[in-house]
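See below for the structure under consideration.
The values are calculated or read from the model by the stated rules, or taken from the named source; none is laboratory data. Since this is a predicted model, take the numbers as computed values, not measurements. A quick note on method: Cβ atoms are made from the backbone with ideal geometry, for glycine too, and the neighbour counts reach across all protein chains shown. These area figures cover heavy atoms from the full protein model, side chains too; ligands, DNA and RNA do not enter into them. Shrake-Rupley method; radii C 1.70, N 1.55, O 1.52, S 1.80 Å.
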Amino acid sequence: MTGLADNQLELLRALARHGVEFVVVGGVAAQLHGWDGATVDLDIAVSTDESNVERLNRALLSVAAGPPVIGGLGSVFQTRFGRLEVVRRADGIGDYAAWAQNAGEHVVDEQLTVVVAAPADILRSKEAAGRAKDHAALPAMRDAFRNSGA
């Protein structure tokens, strides 16, 4: 079993149940690769194919997502399971297709497998973001990825 919070697992389950094509990015992706740091939300990059956007919208309805807060890199939704950020593009990486290129499947539990960003892409994105919290987390992430064989 993973160290993910129950609310993050519920969001992942809702996305998977609705057949959304997505890549887990950000802190949750780092956790799935062995980092034990904390993150309060779930960040995903999604395919912008029209049918996938429809599936995403159904998944958002199923978790009672409120109206989005739209930012330069994505949209943030408050849901009954916490905060979900849908990333349109990320510094140092790009859009969904760029994240998906190196991503791989990760078994979260016996009933849930998700596509997760590659460790090198997670690090590159954190480095490029230029935020103090990301730079502070980088040494521990690098160590965790190395120790887990990611």
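For the chain, the dipole from Cβ point charges (+1 on Lys and Arg, -1 on Asp and Glu) about the Cα centre works out to 260 debye, to the nearest 20.
When the Cα positions of GLN78, PRO119, ILE93 are compared along the charge dipole of the stretch 60-135, GLN78 comes out farthest toward the positive end, with charges on each C-beta of Lys, Arg, Asp and Glu. Normalised by the number of residues in the chain, the average gap of Cα pairs under 8 Å and 6 or more apart makes the relative contact order 26 percent.
At a probe radius of 1.4 angstrom, the accessible area of the chain per residue rounds to 50 square angstrom. Surface composition of the stretch 23-150: carbon and sulfur atoms hold 51% of the protein heavy-atom accessible area at a 1.4 Å probe.
Just one of (i) 100; (ii) 133; (iii) 157 is volume of the Cα convex hull per residue in Å³ calculated from these coordinates, so which is it? It is the value labelled (i). The GluC sites (Glu not before Pro) found in the stretch 51-150 that occupy coil by DSSP, while having at most 15 further C-beta atoms within 10 Å, are GLU110.
Among the trypsin sites (Lys or Arg not before Pro) found in the stretch 35-144, those both in a DSSP coil and sparsely packed, with 12 or fewer other Cβ atoms within 10 Å of their Cβ, are ARG131.
Using R₀ = 35 Å, calculate the FRET efficiency as 1/(1 + (r/R₀)^6) where r is the Cβ-Cβ separation of ASP36 and LEU61; round to 0.05. About 0.60, to the nearest 0.05. The distance between label points at GLU54 and ALA136 comes to 4.5 nm (points 7 Å beyond Cα on the Cα→Cβ vector). Helices of the chain meeting both criteria, an alpha-carbon length of 24 angstrom or more along the long axis and an average Kyte-Doolittle score not below -1.0, with helices taken as full DSSP H segments, are 132-148. The length gained by stretching the chain between ASN102 and LEU73 to full extension, at 0.36 nm per residue less their Cα-Cα distance, is 8.4 nm.
The spacing between the stretch 32-74 and the stretch 82-110, judged by their C-alpha centroids, is 10 Å.
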